[in-house]
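Enquirer: Before I ask anything, let me first share the structure, which is written out below as structure tokens.
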Amino acid sequence: MDQSVQKPAPDPGPDPGPDPEPGPLYAARKAVHPQRIDGPFRRFKWLVMLITLGIYYITPWIRWDRGPFAPDQAVLVDLANRRFYMFGVEIWPHEFYFVAGMLIMAGIGLFLVTSAVGRAWCGYSCPQTVWTDVFQHVDRFVDGDRNARMRLDAAPWGPAKIARRGFKWTIYLVISFWTGGAWIMYFADAPTLTVDFWTGQAAMVAYVTVAILTATTFILGGFLREQVCIYMCPWPRIQTAMLDEKSLIVTYKDWRGEQRGSVKKAAKNPERYGDCIDCNQCVAVCPTGVDIREGAQIGCITCGLCIDACDRVMAEVGRPRGLIDYATLEDCEHEAAGGNVRSIWKTLFRPRTLIYFSIWGGIGAALLFALGVRTHTELTVEHDRNPPFMLMSNGDVRNAFTVRIRNMESRPRDMKLEIGGLPDGLMWTDDTARADAARSIIRAVPADATQPVRVYVIAPSDTVTQNFTFTVTSQDEQSEQDAAEVRFESPEN
């Protein structure tokens with residue numbers, strides 16, 4: 001008989017009541033008003049901004065002489081003629097692997113930068129960062145520095161506020177319009193397109209493109225700003241997975257800064273308080289409103305402005321710089337334990353970054369090699385499928401081919417097309433007579449063009465099915481050559 005005793009159920013206690021209401025899924029944006037700051041990182045941001053904006057706005061207007069048969073714009077994406085020009089390099093549609101290689105290099109370059117110095121791309125070179133920085137400088141120019149902008153935001157709407165907002169948004173709109181206008185200049189001759197655009201003669205796609213880019217720049221750079229980085233952009237989440245304890249990132253050294261306290265409190269009890277005087281200058285200058293003292297966050301774009309602010313405050317209160325600094329988590333642990341910090345070169349040149357750099361450099365070297373050895377003469381041949389061959393009245397066998405001779409030079413050239421490997425084989429074209437059939441023909445191919453040629457190849461009746469080659473040779477000092485192997489079909493198998 002089972003003698004076990006069933007234990008009574010535990011007392012659930014008092015009724016906790018209904019479940020609490022879940023919190024909101026959307027948090028209203030808190031306006032970020034970065035304070036003006038000067039320092040090495042701020043000056044570096046100025047330099048990067050000037051370089052990137054200069055490249056973007058000026059590049060379409062740079063001229064590059066390619067001769068009388070090619071456009072003279074240095075960088076041009078010629079969609080109509082399916083060409084991509086970049087200074088002395090011309091890329092054809094069949095050479096898209098060059099573009100793919102450059103995109104792969106850009107991706108690996110981002111991996112390299114992230115593994116070495118964290119989100120430096122986001123902090124300095126990202127278009128969203130650059131244009132946001134421009135608009136924030138407009139804010140300071142029109143509304144004043146941080147405190148003045150905060151007061152203006154809190155003030156009720158009136159004639160003065162409306163006038164300031166209208167003036168500032170007009171500047172936003174002009175910058176956004178020129179941003180969209182500069183983009184379309186990469187797809188057509190810039191001076192010609194500018195005249196056509198302002199006289200109403202440009203294609204509708206040009207006006208639509210400018211309108212879309214103007215609107216997106218105006219909204220994203222003027223109003224959404226840090227929300228694009230925190231909520232919309234997937235790259236911060238990808239970068240987070242690529243960082244490790246050996247990556248240089250903007251770091252607050254809490255073992256040195258805590259406990260926070262004012263200068264007066266620290267003077268009275270220096271053993272209790274750290275170097276951080278809780279001035280919040282690091283938060284005030286942050287373009288995304290992040291408090292770096294709370295640790296690594298997705299909103300931190302690693303721009304280093306908080307370092308400039310903190311270093312300035314530390315100098316004013318007579319404490320060593322570096323409370324907020326570029327440092328690896330590994331070095332921070334060593335420093336907190338009283339150890340030595342590695343040099344910047346040992347931090348940057350480690351196995352992971354060297355592997356990324358080797359891959360990046362290898363792809364770049366391969367592209368340069370392919371670019372250096374490529375010829376500007378190419379040949380493609382297509383055999384007629386139906387019928388594969390034709391018997392002539394005298395018993396000879398004729399095959400028909402469509403030959404395309406590509407001249408990738410910006411000047412017309414004569415090209416010699418020859419038959420190789422087909423004994424007793426002769427050829428002629430649509431514009432020559434069969435009586436003039438020969439082993440080779442010469443065709444003039446226009447500059448930067450592909451010349452299709454309808455070629456008929458004839459061989460004696462006893463010729464069996466076999467492979468042979470078409471060879472094209474440029475008739476100039478370069479004597480570039482290309483060949484294509486094809487099959488001669490015959491009833492004699």
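The values are calculated or read from the model by the stated rules, or taken from the named source; none is laboratory data. The structure displayed is predicted, hence computed values, not measured ones. All Cβ positions, even for glycine, are placed from backbone atoms using ideal geometry, and neighbour counts span all protein chains on display. Only protein heavy atoms, including side chains, enter the accessible area calculation; ligands, DNA and RNA are left aside. Shrake-Rupley method; radii C 1.70, N 1.55, O 1.52, S 1.80 Å.
Enquirer: Could you please find all residues in the range 38-67 being among the hydroxyl-bearing types (Ser, Thr, Tyr) and touching a strand residue (DSSP E or B) at 6+ places or on another chain (Cβ under 8 Å)?
Expert: Taking the range 38-67 and keeping what is among the hydroxyl-bearing types (Ser, Thr, Tyr), we get 52, 56-57, 59.
Selection gives THR59 alone.
Enquirer: So VAL341 ticks every box in (1) at pLDDT below 90; (2) aliphatic (A, V, I, L, M); (3) over 31 Å from the mean Cα position of the chain (by Cα); (4) not in a loop (DSSP other than H, G, I, E, B) but one. Which box is left unticked?
Expert: In the conditions (1) at pLDDT below 90; (2) aliphatic (A, V, I, L, M); (3) over 31 Å from the mean Cα position of the chain (by Cα); (4) not in a loop (DSSP other than H, G, I, E, B), VAL341 misses (4) alone.
Enquirer: Within 30 Å of PHE84 (Cα to Cα) and outside any strand (DSSP E or B): which single residue out of ARG385, ARG404, ARG411, ARG454 fits that description?
Expert: Numbers: ARG385 fails: within 30 Å of PHE84 (Cα to Cα); ARG404 fails: outside any strand (DSSP E or B); ARG454 fails: outside any strand (DSSP E or B).
One residue alone meets the criteria, ARG411.
Each row is one residue, and each column tells you yes or no for (1) more than 18 Å from ALA80 (Cα to Cα); (2) assigned to a helix (DSSP H, G or I); (3) in contact with a Cys (Cβ under 7 Å, 6 or more places away or on another chain).
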position: LEU193; (1), (2), (3): no, yes, no
position: ASP196; (1), (2), (3): no, yes, no
position: ALA202; (1), (2), (3): no, no, no
position: VAL205; (1), (2), (3): no, yes, no
position: ALA211; (1), (2), (3): yes, yes, no
position: THR217; (1), (2), (3): yes, yes, no
position: LEU220; (1), (2), (3): yes, yes, no
position: PHE223; (1), (2), (3): yes, yes, no
position: GLN227; (1), (2), (3): yes, yes, no
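Enquirer: Here is a further query. What's the number of the only condition in (1) open to solvent by 60 Å² or more (accessible area, probe 1.4 Å); (2) within 22 Å of VAL486 (Cβ to Cβ); (3) touching a residue at least 12 places away in the same chain (Cβ under 8 Å) that PRO412 fails to meet?
Expert: Of (1) open to solvent by 60 Å² or more (accessible area, probe 1.4 Å); (2) within 22 Å of VAL486 (Cβ to Cβ); (3) touching a residue at least 12 places away in the same chain (Cβ under 8 Å), only one is false for PRO412: (2).
Enquirer: Every residue in the range 144-165 that is within 21 Å of LEU220 (Cα to Cα) and either open to solvent by less than 30 Å² (accessible area, probe 1.4 Å) or not in a helix (DSSP H, G or I) (or both), please.
Expert: ARG149, ARG165
Enquirer: Identify, please: which residue in the range 306-329 is over 24 Å from THR114 (Cβ atoms) and outside any helix (DSSP H, G or I) and is, among those, most open to solvent (accessible area, probe 1.4 Å)?
Expert: Here the answer is ARG321.
Enquirer: Another question, if that's okay. Identify, please: which residue in the range 82-100 is in contact (Cβ under 8 Å) with a residue 60 or more places away in the chain and surrounded by 14 or more Cβ atoms within 10 Å (Cβ to Cβ) and is, among those, farthest from LEU371 (Cα to Cα)?
Expert: ARG83
Enquirer: Also, quick follow-up: Looking at (1) modelled with pLDDT of 90 or more; (2) open to solvent by less than 20 Å² (accessible area, probe 1.4 Å); (3) under 30 Å from SER247 (Cα atoms); (4) touching a Lys or Arg at 6+ places or on another chain (Cβ under 9 Å), find the lone condition where GLN128 falls short.
Expert: Against the list (1) modelled with pLDDT of 90 or more; (2) open to solvent by less than 20 Å² (accessible area, probe 1.4 Å); (3) under 30 Å from SER247 (Cα atoms); (4) touching a Lys or Arg at 6+ places or on another chain (Cβ under 9 Å), GLN128 comes up short only on (2).
Enquirer: Another question, if that's okay. Applying the selection to the range 288-330, what residues are in contact with an Asp or Glu (Cβ under 9 Å, 6 or more places away or on another chain) and hydroxyl-bearing (Ser, Thr, Tyr)?
Expert: Answer for the range 288-330, where residues must be in contact with an Asp or Glu (Cβ under 9 Å, 6 or more places away or on another chain) and hydroxyl-bearing (Ser, Thr, Tyr): THR288, THR328.
Enquirer: Being aromatic (Phe, Trp, Tyr), farther than 29 Å from TRP64 by Cα and part of a loop (DSSP other than H, G, I, E, B) narrows it down to one of TYR273, TYR231, so name that one.
Expert: Numbers: TYR231 fails: part of a loop (DSSP other than H, G, I, E, B).
Checking each option against the conditions leaves just TYR273.
Enquirer: Let me ask something else. Between residues in the range 345-357 that are touching a residue at least 12 places away in the same chain (Cβ under 8 Å) and among the aliphatic types (A, V, I, L, M) and residues that are in a helix (DSSP H, G or I) and surrounded by 16 or more Cβ atoms within 10 Å (Cβ to Cβ), which pairs lie under 7 Å by C-beta distance while being six or more apart or on different chains?
Expert: Qualifying pairs under 7 Å: LEU348/ALA116.
Enquirer: Follow-up question, since we're still on this one. Can you tell me which residues in the range 375-399 are within 18 Å of VAL455 (Cα to Cα) and over 46 Å from the mean Cα position of the chain (by Cα)?
Expert: Keep residues of the range 375-399 that are within 18 Å of VAL455 (Cα to Cα), which gives 378-392, 396-399.
ASN386, PRO387, PRO388, PHE389, MET390, LEU391, MET392, ASP396, VAL397, ARG398, ASN399 - these are the residues of the range 375-399 that are within 18 Å of VAL455 (Cα to Cα) and over 46 Å from the mean Cα position of the chain (by Cα).
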